[in-house]
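Data first, discussion second: the structure below is written as structure tokens.
What follows draws every value from the coordinates through simple rules; no lab data is involved. Model, not experiment: these values are computed from the prediction. Every residue, glycine as well, gets a Cβ built from its backbone with ideal geometry; the counts of neighbours run over all protein chains shown.
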Number of protein chains: 2
Amino acid sequence: MTGSAERSWWGWGTTDRALSDDECVATGALVPGLRTRPRAVPDLAAVDLPASRITPPPSLPVSAAPPDRAAHTYGKAYRDVVRALSGDLRGAPDGVAFPRTEAEVVDLLDWAAATGVVVVPYGGGSSVVGGVEYRGERPWLSMDLTRLDRVLEVDPVSRAARIQGGALGPVLEEQLRPSGLTLRHFPQSFEFSTLGGWLATRAGGHYATLHTHIDDLVESLRVVTPAGVNESWRLPASGAGPSPDRLFLGSEGALGVITEAWMRLQDRPRWKASASVTFADMTAATGAVRAIAQAGLHPANCRLLDPGEAAMAGAATGEAVLVLGVESAAHPVESRLTELTGLARAHGGTVAAGGGGRDTAADTWRSAFLRMPYVRDGMARMGAIVETFETACTWDRVEELYTTVRAEVGAAVAQVTGAPGLVTCRFTHVYPDGAAPYFTVVAAGRPGSEVAMWDDVKTTATEVLGRLGATITHHHAVGRDHRPGYDRQRPEPFALALRAAKAALDPAGILNPGVLVEAPSDHNL
Amino acid sequence: MTGSAERSWWGWGTTDRALSDDECVATGALVPGLRTRPRAVPDLAAVDLPASRITPPPSLPVSAAPPDRAAHTYGKAYRDVVRALSGDLRGAPDGVAFPRTEAEVVDLLDWAAATGVVVVPYGGGSSVVGGVEYRGERPWLSMDLTRLDRVLEVDPVSRAARIQGGALGPVLEEQLRPSGLTLRHFPQSFEFSTLGGWLATRAGGHYATLHTHIDDLVESLRVVTPAGVNESWRLPASGAGPSPDRLFLGSEGALGVITEAWMRLQDRPRWKASASVTFADMTAATGAVRAIAQAGLHPANCRLLDPGEAAMAGAATGEAVLVLGVESAAHPVESRLTELTGLARAHGGTVAAGGGGRDTAADTWRSAFLRMPYVRDGMARMGAIVETFETACTWDRVEELYTTVRAEVGAAVAQVTGAPGLVTCRFTHVYPDGAAPYFTVVAAGRPGSEVAMWDDVKTTATEVLGRLGATITHHHAVGRDHRPGYDRQRPEPFALALRAAKAALDPAGILNPGVLVEAPSDHNL
């Protein structure tokens, strides 16, 4: 899927799919007040990198090559892209490690702990929350795990596979193909993120209900911590104490490096059906989605686009659009889709012609969905602020959240940029007791101030989510950007426990300091 | 449901449902080599209790009444019943606390921490793993939480309720009834166990697939720890760091006292259908159950009884019996049941007449199921060894596990008791990647040696499970009895993290020491 196309060092994905200058102009024309021509992408050879401060032994697989260091300086948030585009690589890692074996991971951590070098685990580098950069003063190593990308074992009876943590989505699916099995975890970043990254950040996949997070697909984990290798048993379920895996799921590289996991697989779906349903407004649509989520039907897809989001996807009717999809490897699904569209109709929805069978709504939306980050980069080059944030809350607060976020974040955009901008929303995942709204903000930035302007808007978003008791992140993780919201949300005794666990597993405080908890060594070294 | 019937101080449930002496004799006749008349139940007034070593301030709700202390000495494992029947209450708590408010829980913990008194949280007291007794030398308090039994709030939109941790199953369902909602978590201990106990032990409910454990029904927890009150936000899902709730789910009273939880509810089912299917042998039956578990159909009931278990349930045909059930509040379920029985037929099953609609197999089995612990007590009075253990493993090992456990535990029974005894099995819960086999052992004990004999058999069971990589417990918890198996199963770095978390939250080491981790104070005091 990625083929041999070159990865972009400053933006999303591969260079061959980046918007051309003309495409940037055409897209930028949709937002008033942007530049007339896109900002140039700096020549990497001309960008200043600070001198590397580390000298690892030659036996360790560490590169100090400028392209490696540049490409591992940031994740892929809007603020990362803008900083890279401006040629600001002051925070570049002192080196990039490319371990090819778990033993090399161990050796790298041993060396880092002995020398006080910070290690930031790096999967596909698609973090949009500052999860793979280091903002402290110590020398640091980005540990790129993509050489650990093998499917080591497949158990077709239990439908599970042992997979190395550095396997990118297409790389692992390609290896699973001969078995007829699939992990079927398709986040937007699928091509450019790894199994280990998904696990460390509790990534959300394409399933809109039931098994929404990678967490649910885990049978066991193997994690290299500075205190030793943590390997849980392969189990379909267990009641033996607090789940060991759940401590590492969401640990964001702060407790260890996930080198392997036994993952639950599925047969490839044989039956699929989808439909799109329109609603006059979000109130009606939200009621329908709630009824569907509470009916125990578990659609694979159940994505609600608000009118603004629907317009961006090409349906400028002023209506909300619900995309429903059902799939199964074991039985036909038409009757399920009929039950779903029936519920949608009962709540005021209009099923699009062709609904009830296979239609193109899901495919169309999926293509646009995978294109979005490239469009985001093109818009950034035109001087736009384009970013997303996502959350989840219980149904009793979903409508209030939707209204309040649009109002207050919209006001913050106007305040910061001097123009109204756009705040749109889709529900990416739904649950019997709530939904996960995902917001997109588009506005015109002032050249040179885009990052600060976005940070101001984000501060408002964080404040609103916290006030309404909505999570700071449903599936993008905490990283560094979400620390204020996370610190507010996390119960204090749990923070004590997590700090204690961190100190026990990473006594030198070398692992991704600044993410989730303060590293002891940030105070001690 | 429990009405005003008196709770048994020595055995399961209520005294009015205990087997009469004649019933004991009739049941005991099924096992060769037992007593001819049941052992008498000791007169509680004549049983020796050690003098209480504590003098809590009168403001604290602590009872030193002998019946309270006797009834809180043990859980309800076979070895607990035998010890109580023998009048051995040497390990009785020095007092029993009955907090009526969360503030009293805090006060009790403060006092205990200040005085070094051990606190063992006690819900319904139905632990079968030594989870509610203390085996150390320090003075100890059993904290009975059943006065904290209110449903405090219902959110009908999100279908959730805030419920106090001490509510017994029937008590909380009764309060939910006016809302039309139900938690629908029905462990075998339903009448005699509490929400907080279910959460602290990761209890398994009656759902055989999908939401098998109470874990999945949790929106948020409120936990009093010695380091402060830990309250997570009500969220349908979150990706913000490692789940705080997952640290406390399965913490077995060692990290804090669960005083409240927001729990996900459901509408009461309107449609139900069940069927029973017979199979010539366990190999065919296991294949069918695996196909069903992997088809994404999520039956509410999917319990497979091996021939021995089926015989105990009244079907002495030498066949394995699969009980299937489907239920829904939102849509008819006959088509689902047809899909399920179709899969069972395709794997060699014979659907019982009446299958396809509502039949009585499920109800019959359920009545026998709820009666089992009373029968166990009657058998214990007749001198039998009657105990269960349960586990889970992936499908690739299920048949080997079934065969090996029956062979090796059977051999251990013969070795220990001098007679073959009975080892039967049912699958209580099934997953796409594995199953949870539940074994029952019945044999003739030697008077006065029953506990030691069972412990010997259990040692073999623990060894076999560990050797085959099957969990030491799927839903009975670890307690004290499962520590050897748990210590083998738990990854060592996770043990370090858990000990560190325990030390951070319970620095005085007063909370249920001996469960899950060593308390620091077991070494320090």
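Values computed for the structure shown
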quantity: Mean shadow area of chain A over all directions, Cα convex hull, nm²; calculated: 23.4
quantity: Sequence-distant lysines (8 or more away, or on other chains) whose Cα lies within less than 28 Å of A:LYS272; calculated: B:LYS272
quantity: Equivalent ellipsoid semi-axes, the protein assembly as shown, via Cα gyration tensor eigenvalues times 5, rooted, Å; calculated: 50, 33, 27
quantity: Cross-link partners of B:LYS502 among lysines (Cα-Cα below 23 Å; sequence separation of 8 or more within a chain); calculated: A:LYS502
quantity: Residues A:THR115 and B:ASP216, FRET efficiency given R0 of 41 Å [Cβ-Cβ distance, rounded to 0.05]; calculated: 0.40
quantity: Percent RCO, i.e. relative contact order, over the stretch B:52-268, from Cα pairs under 8 Å lying at least 6 residues apart; calculated: 19
quantity: Backbone HN-Hα couplings from phi across the stretch A:436-448 [Karplus 6.51/-1.76/1.60, Hz, Gly and Pro as x]; calculated: 10, x, 10, 9, 10, 10, 10, 7, 8, x, 8, x, x
quantity: Size of charge dipole - the stretch A:262-381 - debye, nearest 20, with Cβ of Lys, Arg +1 and Asp, Glu -1, no other charges; calculated: 380
quantity: Spatial separation of Cα centroids for the stretch B:28-48 and the stretch A:106-179, in angstrom; calculated: 61
quantity: Whole-Å distance, taken between Cα centres, linking the stretch A:312-329 and the stretch B:207-267; calculated: 34
quantity: Excluding exposed DSSP-loop GluC sites (Glu not before Pro) (at most 13 other C-beta within 10 Å), longest clean stretch of chain A; calculated: A:138-525
quantity: ³J(HN,Hα), Karplus 6.51/-1.76/1.60, whole Hz, each residue of the stretch B:56-61, x for Gly, Pro; calculated: x, x, x, 5, 8, x
quantity: Built amide H within the under 5 Å cut-off of B:GLU219, gap 5+; calculated: B:TRP262, B:MET263, B:ARG264
quantity: Position B:GLY318, label points 7 Å along Cα→Cβ, spacing to each other copy in nm (shortest first, one decimal); calculated: 7.6
quantity: Computed over chain A: relative contact order in percent, which uses C-alpha pairs under 8 Å that are six or more apart; calculated: 17
quantity: Residue list for the stretch B:289-323, given a label point 7 angstrom along the Cα-to-Cβ vector of B:LEU468 and an amide N cut-off under 16 Å; calculated: B:290, B:304-309
quantity: Amide H within-cut-off set for A:SER193, under 5 Å, with H built and near neighbours excluded; calculated: A:GLY169
quantity: Loop-resident sites, the stretch A:132-222, for trypsin sites (Lys or Arg not before Pro), counting at most 12 other Cβ within 10 Å (DSSP); calculated: A:ARG135
quantity: Convex hull volume per residue in cubic angstrom - Cα atoms of the stretch B:91-163; calculated: 108
quantity: Extension gain (nm, one decimal) between B:GLU6 and B:SER179, 0.36 nm per residue minus Cα-Cα; calculated: 59.3 nm
quantity: Shortest-first nm distances, B:ALA51 label point to equivalent points in other copies (7 Å, Cα→Cβ); calculated: 7.8
quantity: Span-rule helices in chain A, defined as complete DSSP H runs reaching 15 Å or more along the axis (Cα) with Kyte mean at least -1.0; calculated: A:102-115, A:282-293, A:334-346, A:361-381, A:395-417, A:450-467, A:492-505
quantity: Helix-derived mean residue ellipticity, 222 nm - over the protein assembly as shown, DSSP H n ≥ 4, -39500 (n - 2.57), to 500; calculated: -10000 deg cm²/dmol
quantity: √(5λ) per eigenvalue of the Cα gyration tensor, the stretch B:271-467, largest first, Å; calculated: 32, 18, 13
quantity: About the Cα centre, charge dipole magnitude for the stretch B:1-93 (Lys/Arg +1, Asp/Glu -1 at Cβ), debye; calculated: 340
quantity: Inter-copy spacing of B:ASP216 label points, which lie 7 Å from Cα along Cα→Cβ, given in nm from shortest upward; calculated: 0.8
quantity: Spatially proximal aspartates and glutamates relative to A:LYS458 (Cα-Cα < 17 Å; intrachain offsets below 8 disregarded); calculated: A:ASP80, A:GLU387, A:GLU390, A:GLU408, A:GLU450, A:ASP481, A:ASP487
quantity: Relative contact order computed over the stretch B:271-467 (Cα-Cα under 8 Å; 6+ residues apart), in percent; calculated: 25
quantity: Bridge type composition, the stretch B:271-467 - antiparallel percent by DSSP, nearest 5; calculated: 95
quantity: Nearest-20 debye value, the protein assembly as shown charge dipole, Cβ charges on Lys, Arg, Asp, Glu; calculated: 680
